[in-house]
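The values are calculated or read from the model by the stated rules, or taken from the named source; none is laboratory data. Predicted model, so just to flag it, every value in this text is computed and none were measured. Virtual Cβ from ideal backbone geometry, glycine too; neighbours counted across all protein chains shown.
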Amino acid sequence: MKGGMRVYYRHQESRIITVTGVGSLTVQPEIAKVLLEVVTEGWELNVIQQENARTVERVLAGLMQLGIPQEDIQTTVYDIAPKYDYVDGVQEFRGYVVTHGLTVKIQDINRTGAVIDTAVQNGVNRVSNIQFTIEERDVYYRRALTDALEDAYSKAQTLAEGMQVVLAPHPIRITEKIEEPPVVFQAYSAVETATPIQPGQIVINASVKAQFVY
C-alpha cells in the first residue's frame, strides 16, 4: 500500500457445464410420394415421343379414376437422350430414350400399393422410390426439441450433483443442432402385382447443446 491507496486482486473463474440433450418421437407416416416413370425407346424420336405421351395420358386417367386429384400429380422428370452401345470400343447409335416421370402425392398411404399397381397396368415401367413422410413435421419436431432441452438439464443436474455443486436453473446458452427432415424409403419392382406396401414408422430427432453455470 502506497500513499494510502489499497489495491485489491480478484480472480473470478467461469464455471460452466456443457451438455448435449436429445429427444425423439416415433410417429406414423401420413402421406406417401412416389415417382412413376414411363420410359420409351426406339429409333424414330417423333414416334417414341408420341407413344410416350399416349402412355402417360393413360397413366393420368387411371390415377384420376382412383381419386388422386390433379394437383397431387406433377411432372418432375422429362428427358430425351440418345442411346449408344459400345462394340469393340466403337460407339454405335441405338436410337433414343424418352423418359416422363410423374411424382404423385398419396394422401391415404393405405392406397399406395393400389396406386402403383394401377400406374404399372397403364404403362409405367419404372418406379424409382416411395417416400413416406408427415404433413405437419414442425409440430412433432417442437415436441422432440422440448424433450431434448429437458434431457440436457437432467444431464447437467446429474453432473452437478456428482461434483456437489449447485446448478443454475436456466442455461446461459442453447444451440440447436439441425437435422434433415426424416423420410422413409421403400423400393419397388414393377414386375410385382397386388403390391403390399409397409410404410413403417418415422423417428423424429432433435438435439441441443446447452451450457449451465454452477
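Values computed for the structure shown
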| read-out | value |
| --- | --- |
| Set Y188, Y153: member being over 19 Å from L66 (Cα atoms), surrounded by 13 or more Cβ atoms within 10 Å (Cβ to Cβ) and modelled with pLDDT under 90 | Y188 |
| Number of the condition not met by N110 [criteria: (1) without any contact (Cβ under 8 Å) to a residue 24 or more places away in the chain; (2) assigned to a loop (DSSP other than H, G, I, E, B)] | (2) |
| Residue within region 82-95 that is surrounded by 16 or more Cβ atoms within 10 Å (Cβ to Cβ) and either aromatic (F, W, Y) or more than 27 Å from N205 (Cα to Cα) (or both) present | no |
| Lone qualifier among T118, T146 - being in a helix (DSSP H, G or I), not assigned by TED's automatic domain parsing to the domain that holds V38 and not charged (D, E, K, R) | T146 |
| Yes/no for E37 being exposed (fewer than 15 other Cβ atoms within 10 Å of the Cβ) and of a type in the set (D, E) | no |
| The lone exception for Y140 - which of (1) more than 13 Å from N205 (Cβ to Cβ); (2) assigned to a helix (DSSP H, G or I) it fails | (1) |
| Odd one out for H100 among (1) outside any strand (DSSP E or B); (2) modelled with pLDDT of 95 or more; (3) in contact with a strand residue (DSSP E or B) (Cβ under 8 Å, 6 or more places away or on another chain); (4) not charged (D, E, K, R) | (1) |
